[in-house]
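The values are calculated or read from the model by the stated rules, or taken from the named source; none is laboratory data. This is a predicted model, so every value here is computed, not measured. Note: ideal-geometry Cβ built from the backbone for every residue, glycine included; neighbour counts use all protein chains shown.
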Amino acid sequence: MAIETIKWMKGQVRIIDQRKLPRQLKYIHCKDIRTLWKAIRTLSVRGAPALGVAAAFGVLLGMKSFKGEDRKRFEKQLKSVCDYMATSRPTAVNLFNALHEMKAVVSAHPRASVGELKKALEQKAGEIFATDQRVCRQIGKHGSELIKDRYSVLTVCNAGALATVDYGTALGVLYSAQKDGKRFKVFSCETRPLLQGARLTTWELLREKIDTILICDNMAATLMKQGKIDLVIAGADRIAMNGDTANKIGTYGLAVLAYHHHIPFYIAAPVSTFDRNIQSGAAIPIEERKPNEVTELLGRRTAPSQVKVYNPAFDVTDHQLITAIITEIGIIFPPFEQNIRKKFQMQGY
Ligand code: MRU
């Protein structure tokens with residue numbers, strides 16, 4: 001898969017500008033932390049695992065300018081750089097987990113010089129990048145067994161190569177199933193308001209020659225009633241320890257519909273998307289975005305400018321509605337409260 005969502009290039013972070021897709025494949029070269037922060041906030045780079053990698057590289061940009069040998073000052077700047085990156089977007093826990101890993105580099109090297117710390121940070125960011133690549137493949141391998149030949153699969157938002165630095169989570173499962181020789185079709189919900197499904201998921205799937213059908217979000221119920229969907233699969237931005245899952249707004253609705261129509265509903269996500277500090281979905285912070293994303297469609301006004309708007313970017317799917325969670329350490333089935341912890345313990349997490 002030749003999609004390079006994020007690349008560290010000699011002191012710069014090159015990202016695909018996802019706001020321009022599918023019309024243009026253009027890159028943004030972030031030479032400083034502010035440019036990258038803005039790219040995250042405006043969704044030029046997005047998707048939970050990609051946000052983790054972007055945050056780690058953002059820290060490198062923020063520390064690039066540090067001069068001198070004063071370790072205390074270095075630690076102070078590292079903290080403020082991480083605090084700044086943490087303000088970019090609130091829901092995807094991968095971003096915070098990556099920042100936590102970057103900060104932990106300092107305590108892991110108590111006697112290192114500033115130069116050595118800089119190198120260790122670069123190495124850690126590289127590890128976060130490489131882990132995401134490996135993890136996508138493992139999620140794909142585990143999830144492929146759930147996709148049967150001639151299935152019709154429904155997905156939402158974009159949990160593919162553009163949301164990671166490899167071939168994705170939910171879409172990774174599909175790419176892996178395709179490699180395993182299965183033929184299937186994918187219905188992609190367009191995913192209002194910012195159309196990640198219409199713009200990004202269909203773009204990716206078509207490049208991989210997967211039979212792809214775009215639908216408006218409000219068509220999913222009818223397709224399910226017509227028996228046209230065998231399985232729903234989505235990514236995640238944050239998973240509580242009881243399995244409650246935050247993902248793009250609209251995911252919860254699909255889960256309720258799938259439950260009503262007796263269709264399996266899967267979440268595909270890496271361990272880095274679990275929040276061990278959160279016991280249920282009620283504690284997951286949900287990003288609210290600007291009204292113009294709802295009153296406009298691709299820059300054109302579709303509603304009176306003075307209308308009041310509510311624009312939550314994510315919703316939380318109750319764990320009772322989730323058939324299983326596909327991770328790099330295997331597929332976790334209910335009861336999630338016990339099985340998530342058990343699986344983590346068994347794998348030494
Ligand atoms: O607002 P976005 O585009 O960052 O939302 C992304 C999603 O909701 C994805 O489904 C999720 O991050 C999983 S990506 C593998």
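A few points about this structure:
- Screening the range 50-101 for residues that are of a type outside the set (A, V, I, L, M, F, W, C) and closer than 14 Å to Gly126 by Cα and picking the one that is farthest from the ligand (Cβ to nearest atom) gives Glu101.
- Any hit, the range 132-146, residues being assigned to a loop (DSSP other than H, G, I, E, B) and over 15 Å from Glu4 (Cα atoms): yes
- Scoring Lys103 on the criteria (1) under 30 Å from Ile278 (Cα atoms); (2) touching a residue at least 40 places away in the same chain (Cβ under 8 Å); (3) not small (Gly, Ala, Ser) leaves a single failure, condition (2).
So that you can scan it fast, the table gives a plain yes or no per residue for (1) closer than 23 Å to Gly197 by Cα; (2) part of a loop (DSSP other than H, G, I, E, B); (3) of a type in the set (Asp, Glu); (4) under 21 Å from the mean Cα position of the chain (by Cα):
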position: Val294; (1), (2), (3), (4): yes, no, no, no
position: Ser305; (1), (2), (3), (4): no, yes, no, no
position: Tyr310; (1), (2), (3), (4): yes, yes, no, no
position: Val316; (1), (2), (3), (4): yes, no, no, yes
position: Ile325; (1), (2), (3), (4): yes, no, no, yes
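- Filter result for Ala268 (closer than 18 Å to Tyr151 by Cα and buried (at least 21 other Cβ atoms within 10 Å of the Cβ)): yes
- Residue identified as at pLDDT 95 or above, touching a His at 6+ places or on another chain (Cβ under 7 Å) and not charged (D, E, K, R) among Gly243, Gly227: Gly243
- Residues located in the range 262-293, provided they are of a type in the set (A, V, I, L, M) and away from the ligand (no atom under 14 Å from the Cβ): Ile263, Ile278, Ala282, Ala283
- Filtered residues of the range 85-128 (kept if closer than 21 Å to Arg41 by Cβ and aliphatic (A, V, I, L, M)): Met85, Ala86, Ala92, Val93, Leu95, Ala98, Leu99, Met102, Ala125, Ile128
- Just one of the listed residues (Arg14, Arg41) is away from the ligand (no atom under 14 Å from the Cβ) and assigned by TED's automatic domain parsing to the domain that holds Ala130, namely Arg14.
- Where strands (runs of 3 or more DSSP E) sit wholly within the range 153-253, those with at least 3 residues that are under 24 Å from Pro312 (Cβ atoms) and within 15 Å of the ligand (Cβ to nearest atom) occupy 231-234, 245-248.
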